[in-house]
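Heads up, the thing below is written out as structure tokens.
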Amino acid sequence: MQNELIKKINILRKKHNAVILAHNYQRPEVQDIADFTGDSLGLSQQAAATDADVIIFCGVHFMAETAKVLCPDKKVIMPDVNAGCPMANMITARQLQNLKKQHPSALVVCYVNSTAETKALVDYCCTSANAPQVVKAIPEESKIIFVPDKYLGTWTMKQTGREMILWDGYCPTHRRILPEDIMRRKKEYPEALVVAHPECVPEVTYLADYVKSTSGMLEITGNIDNKEFIIATELGMLHPLRRKHPDKTFYPASEIADCPNMKLGTLEKILWALEDLQPEITVPEDIRRKALKSIERMISIT
Ligand code: 13P
Ligand code: SF4
């Protein structure tokens, strides 16, 4: 059954000159058939670099939107358009406008986990891989507003020594991972190093040996000799880690850190998306141009 689906997907992806991009949290079978897997930054770069006509984006809505902002001439399709990111929806354009009014001299940095409408209102975009780098590039005397992730913001403040005005947003999945989980796992596996995503609460990142984006996790666990790791992020991450480093052992910090939205993409839905070339992601041109500026500023820094 699965092989049949994959055969059909392969015929159609060739016919439409389509590329399949999948985030590191997607279902294993989706990651396994993707042309490229990666973190938010890596996937946007793949989208920008590809000469495909169609991008099938297996991730959440803001990621597909970012691909559309970067590649307006390509058709960007999501296998399930209902796959949103709750954190991205924790700040609206109106709320951000009000916050900017309260701090008119501040520059605004926004995590890529945000809508295109939000990105269109900010000065810089950043990802979990480059937030401290982006913040460090802002002149010392500038006030900074950081939205929407207060935990990534807190971690970035610690890394850069810069004070920032934080929005009260967070990832509900990463918030499920508790410091008690890390302590329990450390007791169970005393040789293991802890690698955490910066979306985790500060009490968890404080206990981590490394704090990395999802692709950063794949890299660091290969670069160091240690054989065992406790992974504090969404559960889907265990698949690419185990696939890339079969000689190492990875333990999830928490068994309940799953992102239901990231699991909405399935092989069936990818096939339907390729058959119908929809649902297509669109971004109004004025918003796209403004959002692009904040993404380009990030790219020029990193
Ligand atoms: P990465 O950019 O590190 O892959 O993170 C995206 C995300 O949504 C994490 O929850
Ligand atoms: Fe959004 Fe969290 Fe899911 Fe990432 S894991 S897509 S931040 S809800």
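The solvent-accessible area of MET78, taken with every protein chain present and a 1.4 Å probe, is close to 0 Å².
Considering the zone a paramagnetic label at GLU4 would reach in this model (a point 7 Å from Cα along the Cα-to-Cβ line), which residues of region 268-287 have amide N under 19 Å from it? It comes to 268-276, nothing else. Per residue, the accessible area of the chain comes to 45 Å² when a 1.4 Å probe rolls over the protein heavy atoms.
For the chain, taking Cα atoms only, Rg and Dmax work out to 19.1, 60 Å respectively. Residues MET237, MET90 ordered from highest to lowest accessible area at a 1.4 Å probe: MET90, MET237. Hydrodynamic estimate: the Kirkwood radius of region 173-299 over Cα pairs, inserted into Stokes-Einstein at 4 °C and 1.567 mPa s, corresponds to D of 77 µm²/s.
In the context of the full protein assembly, ARG243 retains an accessible surface of approximately 110 Å², using a probe radius of 1.4 Å and ignoring ligands and nucleic acids. Only helices enter this figure: runs of n ≥ 4 DSSP H residues, each worth -39500 (n - 2.57), summed and divided by the residues of the chain, yield -12000 deg cm²/dmol at 222 nm to the nearest 500. For region 76-222, the Kirkwood estimate of hydrodynamic radius, built from reciprocal distances between every pair of different alpha carbons, is 16.3 Å. Pairs LYS244/LYS293; LYS8/LYS75; LYS269/LYS290; LYS158/LYS263; LYS75/LYS293; LYS14/LYS293: which are spaced more than 24 Å apart, C-alpha to C-alpha? Where the Cα-Cα span goes over 24 Å, the pairs concerned are LYS244/LYS293; LYS269/LYS290; LYS158/LYS263; LYS14/LYS293. At q = 0.10, 0.13, 0.17 Å⁻¹, what log₁₀ I(q)/I(0) does a Debye calculation on the Cα points of region 1-104 give, no solvent, two decimals? Each listed q maps to, in turn, -0.34, -0.52, -0.79.
Beta bridges from DSSP with both residues in the chain: antiparallel share about 5 percent, rounded to the nearest 5.
Other residues within the sphere of radius under 15 Å centred on the Cβ of LYS186, judged by their own Cβ, net out at -4 (K and R +1, D and E -1).
The values are calculated or read from the model by the stated rules, or taken from the named source; none is laboratory data. Being a predicted model, the structure only gives us computed values, none of them experimental. In this analysis, Cβ positions are derived from the backbone assuming ideal geometry, glycine residues included, and neighbour counts consider all displayed protein chains. In case anyone asks, the SASA skips ligands and DNA or RNA and just uses the protein heavy atoms, side chains included. Shrake-Rupley method; radii C 1.70, N 1.55, O 1.52, S 1.80 Å.
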